[in-house]
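Enquirer: Here it is: the structure, laid out below.
The values are calculated or read from the model by the stated rules, or taken from the named source; none is laboratory data. These figures come from a predicted structure and were not determined experimentally. Glycine also receives a Cβ, built like all others from the backbone with ideal geometry; neighbour counts cover every protein chain displayed. The accessibility values were calculated without ligands, DNA or RNA, using every heavy atom of the protein model including side chains. Shrake-Rupley method; radii C 1.70, N 1.55, O 1.52, S 1.80 Å.
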Amino acid sequence: MEVYFDNAATTKVYPEVKELMIKILEEDYGNPSSLHMKGVEAEKYIKEATARIATELKCQEKEIVFTSGGTEANNFALIGGAMAHRRAGKHIITTNIEHASVSATLEFLVKEGYEVSYVGVDEKGIVNLEELRTALREDTILVSVMYVNNEIGSIQPIEEITKIVKSNNPQTLMHVDAVQAFGKLRFSPKRLGVDLLSISGHKIHGPKGSGALYIKDKTLIRPTMYGGGQQKSMRSGTENVPAIAGMGLATELMYKNHDNKMEYIRNLKNTFIDKVTKLENVYDNSGEAPHIASITFVGIRSEVMLHALEDKGIYVSSGSACSSNKANISGVLKAINLPKERLESTLRFSFCETNTIEEIEYTVKCIEEILPVFRRYIRK
């Protein structure tokens, strides 16, 4: 039996998305900037994808700029936003549980002369709002907070955070990494009050290499890619039409019967947590996101448990897929003050609509068999 519980890392594309992309690759392969009919046909796919995403985000189509994924969208928001506002100041605020595509980009900006303040979170991974208020300054030009944490699934009160930021200075840019929220939560950037918001296609059964940045109309931001002036000169380069179209269709499909899907996924998560935490020295660290469960198996190193489950045909993660190949202990788990004995023994299980209760039961059964075998070798 094969069980894929690593949907926060990437998802299998919808069959309809695959078919659409194949059609574009084989038949409608024109360059969308070309003036002939092949180009016009390709451009139609981009317009259709834009409309689909704008519909779900309840924003204007002109506020969507396509990127190669969430990482590029985050880089674009942070670097482009910081460079455009550097005359107003060089102070940026973020949290200590951000994705590497935010934290590493901010490290780059520090080298360029910017100053970054890091706001802490509580044991559930929620931003300390008083600490945020204290960190805000007159020269704060940008605040970046992720919506749903990719490792533990904590959901930030973005609307409240934005109000705090804007009450200090309405000109301060508010950026949200919504990669793990898009497709899982219903929201609109306008209601959240944010200026910049990043999303990705491959987390919602769309293709890898697809993403977008919402840029609120009239927001001052500098492009980070220059060339032929595509996408109104906000992101030059020939558009990846198959990926863009695939992401657009995946967005529409993901939000179809959305409430029922999320209720089903949340039930899978809750059932798994309920069953697995009945086992000895197994703990739950999960936030409120419907699809992410963070589970600690005390005494067993995460990579050992990961490969033991892989031997059973079960695929999970030891944290963020973008950094789980590194030996470092998760900064997110440190930030929520997880006890030392649990820091190196935590796995992420993430679910989607095609997972089943039978897969949950099989996984729990395998864990129940694995735990006593490995714990015999724990040093007393």
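Enquirer: Would you mind finding the one in Lys216, Lys256 that is touching a strand residue (DSSP E or B) at 6+ places or on another chain (Cβ under 8 Å) and open to solvent by 80 Å² or more (accessible area, probe 1.4 Å)?
Expert: Lys216
Enquirer: Checking Ser101 against (1) of a type outside the set (Asp, Glu); (2) part of a helix (DSSP H, G or I); (3) in contact (Cβ under 8 Å) with a residue 40 or more places away in the chain; (4) open to solvent by 70 Å² or more (accessible area, probe 1.4 Å): exactly one of these is not met. Which one?
Expert: Going through the list (1) of a type outside the set (Asp, Glu); (2) part of a helix (DSSP H, G or I); (3) in contact (Cβ under 8 Å) with a residue 40 or more places away in the chain; (4) open to solvent by 70 Å² or more (accessible area, probe 1.4 Å), Ser101 breaks only (4).
Quick grid of which residues meet (1) among the β-branched types (Val, Ile, Thr); (2) surrounded by fewer than 18 Cβ atoms within 10 Å (Cβ to Cβ); (3) closer than 24 Å to Gly287 by Cβ:
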{"site": "Met174", "(1), (2), (3)": "no, no, yes"}
{"site": "Gln180", "(1), (2), (3)": "no, no, yes"}
{"site": "Val194", "(1), (2), (3)": "yes, no, yes"}
{"site": "Pro207", "(1), (2), (3)": "no, no, no"}
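Enquirer: Quick check: anything in the range 82-95 in a helix (DSSP H, G or I) and either closer than 25 Å to Ala9 by Cα or open to solvent by less than 30 Å² (accessible area, probe 1.4 Å) (or both)?
Expert: Yes, there is a match, as at least one residue in the range 82-95 is in a helix (DSSP H, G or I) and either closer than 25 Å to Ala9 by Cα or open to solvent by less than 30 Å² (accessible area, probe 1.4 Å) (or both).
Enquirer: Another one. I'm checking my understanding of the structure. Among residues of the range 233-245 that are part of a helix (DSSP H, G or I) and β-branched (Val, Ile, Thr), which one is surrounded by the fewest Cβ atoms within 10 Å (Cβ to Cβ)?
Expert: Across the range 233-245, the extreme among qualifying residues is Val241.
Enquirer: Could you count how many residues in the range 246-274 are in contact with a Ser or Thr (Cβ under 9 Å, 6 or more places away or on another chain) and either over 27 Å from Glu72 (Cβ atoms) or part of a helix (DSSP H, G or I) (or both)?
Expert: Going through the range 246-274 one residue at a time, the tally reaches 10.
Enquirer: List the residue pairs whose Cβ atoms are under 8 Å apart, where the first residue sits in the range 29-51 and is over 14 Å from Asn240 (Cα atoms), the second is acidic (Asp, Glu) and assigned to a loop (DSSP other than H, G, I, E, B), and the two are 6 or more positions apart or on different chains.
Expert: Lys38/Asp28
Enquirer: Quick one: in the range 1-48, of everything that is open to solvent by less than 80 Å² (accessible area, probe 1.4 Å) and of a type in the set (Ser, Thr, Tyr), which residue is nearest to the chain's Cα centre (by Cα)?
Expert: Here the answer is Thr10.
Enquirer: Sticking with this structure for a sec: Could you list, in sequence order, all residues of the range 9-21 that are in contact (Cβ under 8 Å) with a residue 40 or more places away in the chain and either more than 15 Å from Ile204 (Cβ to Cβ) or in contact with a Cys (Cβ under 9 Å, 6 or more places away or on another chain) (or both)?
Expert: Ala9, Thr11, Lys12 - these are the residues of the range 9-21 that are in contact (Cβ under 8 Å) with a residue 40 or more places away in the chain and either more than 15 Å from Ile204 (Cβ to Cβ) or in contact with a Cys (Cβ under 9 Å, 6 or more places away or on another chain) (or both).
Enquirer: Continuing with the same structure: Is it the case, given these coordinates, that Ile155 is touching an Asp or Glu at 6+ places or on another chain (Cβ under 6 Å) and either open to solvent by 10 Å² or more (accessible area, probe 1.4 Å) or modelled with pLDDT under 95 (or both)?
Expert: When the stated conditions are applied, Ile155 passes them.
Enquirer: Scanning the range 330-367 for residues that are open to solvent by 60 Å² or more (accessible area, probe 1.4 Å) and under 19 Å from Val121 (Cα atoms), which turns out modelled with the highest pLDDT?
Expert: Checked the range 330-367; the qualifying residue modelled with the highest pLDDT is Lys334.
Enquirer: Between a first residue in the range 258-272 that is more than 13 Å from Glu359 (Cα to Cα) and a second residue that is open to solvent by less than 30 Å² (accessible area, probe 1.4 Å) and not charged (D, E, K, R), which pairs have beta carbons less than 7 Å apart while being 6 or more apart in sequence or on different chains?
Expert: Met262/Pro290; Arg266/Pro290
Enquirer: Can I ask one more? Please tell me if Val179 is assigned to a helix (DSSP H, G or I), of a type in the set (A, V, I, L, M, F, W, C) and out of contact with any Pro (no Cβ under 9 Å at 6 or more places or on another chain).
Expert: No: the conditions fail for Val179.
Enquirer: Here's a check for you: in the range 97-125, which residue that is more than 22 Å from Thr71 (Cβ to Cβ) and charged (D, E, K, R) is farthest from the chain's Cα centre (by Cα)?
Expert: The residue in question is Glu115.
Enquirer: Separate question: Report yes if Ser198 is modelled with pLDDT of 95 or more and under 20 Å from Pro242 (Cα atoms), otherwise no.
Expert: In short, yes.
Enquirer: Output the qualifying pairs, or none if there are none: Cβ atoms under 6 angstrom, residues six or more apart or on different chains, first residue in the range 105-120 and open to solvent by 90 Å² or more (accessible area, probe 1.4 Å), second residue in a loop (DSSP other than H, G, I, E, B).
Expert: Cβ pairs passing all conditions: Tyr118/Asn96.
Enquirer: Among the residues of the range 126-155, which ones are over 17 Å from the mean Cα position of the chain (by Cα) and touching a residue at least 60 places away in the same chain (Cβ under 8 Å)?
Expert: Ile141, Leu142
Enquirer: Of these, Ala8, Ala73, Ala42, which one is in a helix (DSSP H, G or I), under 29 Å from Ser101 (Cα atoms) and aliphatic (A, V, I, L, M)?
Expert: After applying the criteria, what remains is Ala73.
Enquirer: In addition: Restricting attention to the range 318-331, does a residue exist that is among the basic types (Lys, Arg), within 29 Å of Gly70 (Cβ to Cβ) and out of contact with any helix residue (DSSP H, G or I) (no Cβ under 9 Å at 6 or more places or on another chain)?
Expert: Yes; the residues of the range 318-331 include at least one that is among the basic types (Lys, Arg), within 29 Å of Gly70 (Cβ to Cβ) and out of contact with any helix residue (DSSP H, G or I) (no Cβ under 9 Å at 6 or more places or on another chain).
Enquirer: Of the residues Ile221, Ile199, which is in a loop (DSSP other than H, G, I, E, B) and open to solvent by less than 30 Å² (accessible area, probe 1.4 Å)?
Expert: Result: Ile221 is the single residue among Ile221, Ile199 that is in a loop (DSSP other than H, G, I, E, B) and open to solvent by less than 30 Å² (accessible area, probe 1.4 Å).
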